[in-house]
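Presented below is the structure to which this report refers.
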Amino acid sequence: MHLVDLRLRGFRNLADDDLELPEEGVALVGPNAQGKTNLLEAVYYLEILKSFRGASDRQLVRFGDSFFRVEGRVRAQERDQPFDGQRRERVVGAAWQREGSRKKVTLDGQEPPRLSDAIGQVGVVLFTPADLALVNDGPAERRRFLDIVLSLNEPGYVTALQRYRQVLSQRNAALRTGASDHAGAWDELLVEAGARVTALRGRWIHHGRERFTDLYRELSGGEAATFRYDPGVPEVMEEGDPPADDHGRQLEASVGARYRDALSEARDRERRQGTTVVGPHRDELRIRVADGGEPLDVRDYGSGGQRRSVALALRLLEADTVRRRKGREPILLMDDVLAELDEDRSRRLLDLLDRTAVGQTILTAPRDSDVRFRGDRLVRWRVQQGRMER
Ligand code: ATP
Ligand code: MG
């Protein structure tokens, strides 16, 4: 995959511009606060239709302006699956205007029926220093990671997740006010949406385990790491039991049955606590690393370098998911990633990328010496007060 051109209007501090991007990628080099991350944010906006930094659309509009618009043309290369089974190119556009807070998204010039239809159309994986939160923060951060990967790559996931959240909040409202009979009325809907979410998460984790261990071993230079699904519906998936590969349907049915039982077992507890205590909103993805000895939870015991390697391995696994599910080589965005790593780790990361990631890569670095990617072949642009100097 390859972002051919990018049209920018009114986005953050970036100058209005029509950029043509080299097929292999580009290194954005410049001092702090010039607009390097802003450019990555604009590209990734086309993938998730919001800011990856958690900014509101309003904050993305250049100070003093009334709207922003970003438009990108992506091309599937020879080895990539075409879009919709036939097209080689796709144009994704997104705009937001202050007046009336209006957002408009287009795919090849047409507004899709739902915004969620336009999510994940490009195939981009982003690496940022903020990924450390995936390791350091609580389970919600890892659920968010699962949600993003699956929303972008698994048809039906976003819909199930949105439905689950909606039903969960209504059920919790009923439990809070002590109307637990009322809460029971939501059970079937909760099980239906929740079983889909659990099955798709469980299946992804199951299929990714080996690859995650391999990626981490390569990055760390021989250490072992594992991840494991700790589902919020107890005893819902047996370790080592490979889920049938039918889009998780069979798994979904068995999860649903177990979920129903777990809800009735938890009836008293829920009444006491006034909230739903079983379900994927309590999922955890447990990651352990072992440096020769006992495997230990990386969140509690990992070193700085181990944490960084785990975060990188998760992103590399996400890139693998795009390859596998979409049949396209993802575009990689790497914000300041190399500057953060020690010599050995960055060499191993570069080796790994050289072997596995053959698509376009857009990376940022404060200094020229931090660009050690693909030798000296990668084109460099200077970033100066929001301008890309080619
Ligand atoms: P670093 O190397 O420190 O990460 P960077 O080049 O990645 O720097 P960015 O985060 O891309 O920096 O850009 C930050 C700049 O963009 C800041 O100076 C900030 O004031 C400016 N900025 C952020 N939002 C807007 C906006 N809506 N309008 C205009 N300027 C903005
Ligand atoms: Mg930055």
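Nothing in this text is a laboratory measurement; each read-out follows from the coordinates by a stated rule. Nothing here was measured: the structure is a model prediction, and the numbers come from that model. Note that each Cβ is placed from the backbone with ideal geometry, even for glycine, and that neighbours are counted across all protein chains shown.
For region 138-327, divide the Cα radius of gyration by the Kirkwood radius and give the resulting Rg/Rh value with two decimals. Show your work: numbers first, answer last.
Working: Rg = 17.7 Å, Rh = 17.5 Å.
Rg divided by Rh gives 1.01.
If packing is taken as the average number of other Cβ atoms within 10 Å across a peptide's residues, how do 271-283, 29-41 rank, most packed first?
Working: 271-283: 18.1, 29-41: 20.0.
In decreasing order of mean packing, 271-283, 29-41 become 29-41, 271-283.
Run the dipole for region 138-327 about the Cα centre, Lys and Arg Cβ at +1, Asp and Glu Cβ at -1, nothing else charged, and hand back the magnitude in debye, nearest 20.
My answer is approximately 680 debye.
About the Cα centre of the chain, what is the dipole size in debye to 20, counting +1 per Lys and Arg Cβ and -1 per Asp and Glu Cβ, all else neutral? Each step should come with its number before you reach the end.
On the way: 65 positive and 66 negative charges, 211 e Å.
Value, rounded to 20: 1020 debye.
Stokes-Einstein diffusion coefficient for the chain at 4 °C in a medium of 1.567 mPa s, Rh from the Kirkwood formula over Cα pairs: what value in µm²/s?
Numbers: Rh = 22.4 Å.
For these conditions, the coefficient is 58 µm²/s.
In whole angstrom, and with the biggest value first, how far do the Cα coordinates of region 237-390 range along each principal axis?
Taking max minus min along each principal axis of the Cα atoms, region 237-390 gives 64, 37, 36 Å.
Which values, in whole Å and largest first, are the semi-axes of the equivalent ellipsoid of region 210-302 obtained as the square root of 5 times each eigenvalue of the Cα gyration tensor?
32, 19, 9
So what's the Cα pair-distance distribution over region 127-226, bin width 10 Å, in %?
For region 127-226, the binned pair fractions read 14, 33, 30, 15, 6, 1 percent.
Out of all Cα-Cα pairs in region 73-113, roughly what percent, to the nearest whole number, are more than 13 Å apart? Present the calculation step by step, with values, prior to reporting the outcome.
Working: 499 of 820 pairs.
Tail of the P(r) past 13 Å holds 61 percent of the pairs.
Just to confirm my numbers, what's the Cα centroid distance between region 42-69 and region 269-312 in Å?
32 Å
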